[in-house]
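Novice: Got a structure here, written out as structure tokens. Questions coming.
Each reported figure results from applying straightforward, stated rules to the coordinates on display, with no laboratory input. Treat the numbers as computed from the prediction; the structure is a model and nothing was measured. Please note: Cβ atoms are built from the backbone with ideal geometry, for glycine as well, and neighbour counts cover all protein chains shown.
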Amino acid sequence: MGDELSSLNDIEQTDKRHVFGTWSFQSEVSPTQVVGGDGARFTTADGEEYIDFSGQLMCSNLGHSADGVADAIAEQAREGAYFAPGFTTEARARLGEKLADVTPGALTKTFFSTSGTEAVEAAIKIARFYTGKQKIISRYRSYHGATAGSISVTGDPRRLPAEPSVPGAIKAPDPYAYGSTLEPMESLEYIDEMLELEGDTVAAVLVEPIVGSNGILVPPEEYLPELKRIAHDHGALLICDEVMSGFGRTGEWFGSDVFDVTPDIMTMAKGLTGAYAPLGATIVTPEIADHFEDEMFCHGHTYAGHPVACAAGLAAVETYEEENLIERASEIGDILGERLAELAADHPSVGEARGVGLFRGLELTRSADERVPFGKRADKISTGTTVVDEVAARARDHGVYVANMINTLIIAPPLVLTEADLDRGIEALDAALEHSDAQMEG
């Protein structure tokens with residue numbers, strides 16, 4: 001390990017020795033110490049400043065200087081950092097009320113946890129309790145979390161080392177024309193047939209309204225409304241995982257709002273606090289909430305409704321409202337979409353630019369004619385780097401951090417992104433994509 005540590009500072013070396021790097025072969029982990037951030041930028045210990053073009057893990061919606069959220073955290077920590085879930089605080093009650101206000105339709109009652117995966121675990125349990133059925137249909141190009149139930153309903157290849165899955169998890173095709181033999185709307189016919197063939201045993205269909213880390217896949221406008229109809233026709237609920245697509249990321253409050261759909265159950269995290277504190281939430285319709293008046297809600301956590309996290313969530317939602325950040329995300333997101341489309345036109349290695357709002361992706365290709373990917377699903381759980389990794393690294397060399405998953409660069413900057421930083425981000429991507437252009441076949 002000596003050679004691997006020589007380029008790292010003391011904190012980075014200590015971290016590598018004593019802390020697991022996530023989703024990684026530990027020999028390949030090389031942590032970078034961050035010492036501060038402001039707006040859509042962050043600074044590392046070596047003095048380098050980067051534009052955060054992916055909102056870290058698509059979660060820093062408010063950027064790195066949301067003082068109102070930081071102040072709310074400090075104030076609540078002084079007033080009372082923790083009380084058992086059988087008690088309440090003003091922050092928890094007000095946040096529950098606020099989420100009922102900003103979520104679609106009549107969604108009304110929330111269970112608070114500490115992460116997106118826990119929010120999905122709660123959604124699975126609630127659907128099973130409410131319907132009395134066990135099976136959950138999800139999709140192959142999905143990520144729903146790392147805990148046992150959530151990784152079981154995940155389609156992402158990261159689920160494979162964790163198998164066998166929790167019983168009852170069934171995978172369906174995605175609305176992704178380039179990665180399937182089915183057209184997007186044909187995939188709905190497949191799900192319809194799955195529900196028919198499974199009989200009356202499916203509790204819910206679980207989807208990301210817009211797929212996040214598996215490629216920023218935007219379905220046709222009519223897809224989600226039709227999926228809800230199909231699920232209900234078969235006595236199943238619709239669960240929308242908004243952990244990544246929520247809180248302005250799409251230019252609307254939630255991805256479901258893009259399609260004018262109210263799910264039966266919605267999960268959220270990430271942007272719920274702008275990543276200032278770990279907090280997940282699972283919100284349900286009045287019908288589902290009423291079910292548990294006389295049936296036990298058999299679920300909980302020590303930190304369910306943690307006061308400090310709820311204070312952060314309430315302050316974050318108020319910040320979105322007071323600074324009109326949802327509208328801003330829509331407006332600057334349109335500009336981002338136009339600039340990414342220009343990049344796609346200039347670089348043959350960009351197979352497709354897609355997305356909505358500030359939730360965008362550039363999918364790369366070795367062959368523009370055949371759409372042969374640089375990165376494959378198996379790469380997600382393999383050693384080594386791909387051309388897509390190398391493009392992201394070159395963007396970082398130009399002062400821009402951009403995440404990449406399998407074959408897609410994920411552009412999901414904070415909602416406070418300035419047009420000047422947007423321009424710099426595009427310039428860095430323009431330079432970085434020259435590498436993938438040079439690696440194309442032919």
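Novice: Taking amide hydrogens as modeled 1.01 Å from N in the peptide plane, which residues meet the under 5 Å criterion relative to A172, leaving out close sequence neighbours?
Specialist: S138, R139, Y140
Novice: Rounded to the nearest Å, what's the spacing between the alpha carbon centres of region 43-57 and region 413-428? Just the number, please.
Specialist: Their Cα centres are 13 Å away from one another.
Novice: Which residue, chosen from A403, G155, G251, occupies the Cα position most advanced towards the positive end of the dipole of the chain, where the dipole is computed from +1 (Lys, Arg) and -1 (Asp, Glu) charges on Cβ about the Cα centre?
Specialist: G155
Novice: Okay, moving on. List the DSSP H helices in the chain whose Cα atoms stretch 27 Å or more along the helix axis and whose mean Kyte-Doolittle hydropathy is at least -1.0.
Specialist: Working: long enough: 325-346 (31 Å, 0.20); 419-438 (29 Å, -0.42).
Taking the DSSP H segments of the chain (at least 27 Å long, mean hydropathy at least -1.0), we get 325-346, 419-438.
Novice: Right, another one. Calculate the FRET efficiency for E419 and T44 from the Cβ-Cβ distance with a Förster distance of 25 Å, rounded to the nearest 0.05. Don't jump to the answer; show the numbers that get you there.
Specialist: Working: r = 24 Å, r/R0 = 0.98.
Working from the Cβ atoms, E equals 0.55.
Novice: Sketch the reach of a paramagnetic label on E342 as a point 7 Å from Cα along Cα-to-Cβ, and name the residues of region 401-423 whose backbone nitrogen lies under 19 Å away.
Specialist: Once the point is set 7 Å along Cα→Cβ of E342, 411-413, 417-423 turn out to lie under 19 Å by backbone N, inside region 401-423.
Novice: Expected output is a single nm value to one decimal: the length gained when fully extending between E221 and H435, i.e. 0.36 nm times separation in residues minus the C-alpha distance. What is it? Spell out each step's value before the answer.
Specialist: Values: separation 214, 0.36 × 214 = 77.04 nm, distance 3.44 nm.
Roughly 73.6 nm would be gained on extension.
Novice: 222 nm [θ] for the chain, helices only, -39500 (n - 2.57) per DSSP H run of 4+, per residue, to 500?
Specialist: Numbers: 15 runs with 169 residues, N = 442.
One gets -11500 deg cm²/dmol as the mean residue ellipticity at 222 nm.
Novice: Related question: Please compute the length gained on full extension between E322 and V29, using 0.36 nm multiplied by the number of residues separating them and subtracting their Cα-Cα distance. Intermediate values should be presented prior to the final figure.
Specialist: Details: separation 293, 0.36 × 293 = 105.48 nm, distance 3.98 nm.
So the extension gain works out to 101.5 nm.
Novice: From the backbone phi of region 408-414, what are the Karplus-calculated ³J(HN,Hα) couplings (6.51 cos²θ - 1.76 cosθ + 1.60, θ = phi - 60°) in whole Hz, Gly and Pro given as x?
Specialist: 3J(HN,Hα) across region 408-414, in whole Hz: 10, 7, 9, 10, 9, x, x.
Novice: When you take every Cα atom in region 67-322, what is the radius of gyration, and what is Dmax, the widest Cα pair distance, in Å?
Specialist: Expressed in Å, the Cα Rg and Dmax of region 67-322 come to 17.7, 57.
Novice: Can you put Y303, Y401 in order, fewest other beta carbons within 10 Å first?
Specialist: Numbers: Y303 18, Y401 21.
If I rank by nearby Cβ atoms, fewest first, I get Y303, Y401.
Novice: Which value in nm describes the separation of the simple spin-label points at T147 and S180, placed 7 Å from the Cα toward the beta carbon?
Specialist: Taking the simple label geometry, T147 and S180 are separated by 2.8 nm.
Novice: What is the ratio of the Cα radius of gyration of region 7-76 to 2.2 N^0.38 Å, with N the residue count, to two decimals? The partial results should precede the final answer.
Specialist: Values: Rg = 14.4 Å, N = 70, 2.2 N^0.38 = 11.1 Å.
So the Cα radius of gyration is 1.30 times the expected 2.2 N^0.38 Å.
Novice: Specify which residue in the list G357, L57, S115 is farthest towards the positive end of the charge dipole of the chain, using unit charges on the beta carbon of Lys, Arg (+1) and Asp, Glu (-1), about the Cα centre.
Specialist: Of the listed residues, the answer is S115.
Novice: Reported to two decimal places, what Rg/Rh ratio describes region 259-384 when computed on Cα atoms with Rh from the Kirkwood expression? Before the final figure, lay out the partial values.
Specialist: Values: Rg = 20.7 Å, Rh = 18.7 Å.
Expressed as Rg/Rh, it is 1.10.
Novice: Assuming 0.36 nm per residue, please report the length gained on full extension of the stretch A81 to M296 beyond their Cα-Cα distance. Spell out each step's value before the answer.
Specialist: Details: separation 215, 0.36 × 215 = 77.40 nm, distance 2.81 nm.
Roughly 74.6 nm would be gained on extension.
Novice: So how do M185, M440, M266 line up by other beta-carbon neighbours within 10 Å, fewest first? Walk me through the intermediate numbers first.
Specialist: Numbers: M185 14, M440 17, M266 30.
Neighbour counts put them in this order, fewest first: M185, M440, M266.
Novice: Give, rounded to the nearest 20 debye, the magnitude of the charge dipole that region 67-322 has about its Cα centre when Lys and Arg contribute +1 at Cβ and Asp and Glu contribute -1 at Cβ. Intermediate values should be presented prior to the final figure.
Specialist: Numbers: 18 positive and 39 negative charges, 194 e Å.
Magnitude of the dipole: close to 940 debye.
Novice: Explain nothing, just compute: Karplus ³J(HN,Hα) = 6.51 cos²θ - 1.76 cosθ + 1.60, θ = phi - 60°, for every residue of region 351-359 in order, whole Hz, x for Gly and Pro.
Specialist: Going residue by residue, I get x, 7, 10, 8, x, 9, x, 9, 10 Hz, with x marking Gly and Pro.
Novice: Take the cross-link list K228/K380; K98/K133; K109/K135; K133/K376 and give me the ones stretching past 29 Å between alpha-carbons.
Specialist: Working: K228/K380 31 Å; K98/K133 31 Å; K109/K135 23 Å; K133/K376 35 Å.
Pairs exceeding 29 Å: K228/K380; K98/K133; K133/K376.
Novice: Something else: Would you mind getting the Kirkwood hydrodynamic radius of the chain from its Cα pairs, rounded to one decimal in Å? Mind dumping the intermediate values first?
Specialist: Values: mean 1/r = 0.0446 Å⁻¹.
Averaging 1/r across every pair of different Cα atoms and inverting gives 22.4 Å.
Novice: What is the distance in Å between the Cα centres of region 258-304 and region 62-139?
Specialist: Going from one Cα centre to the other spans 6 Å.
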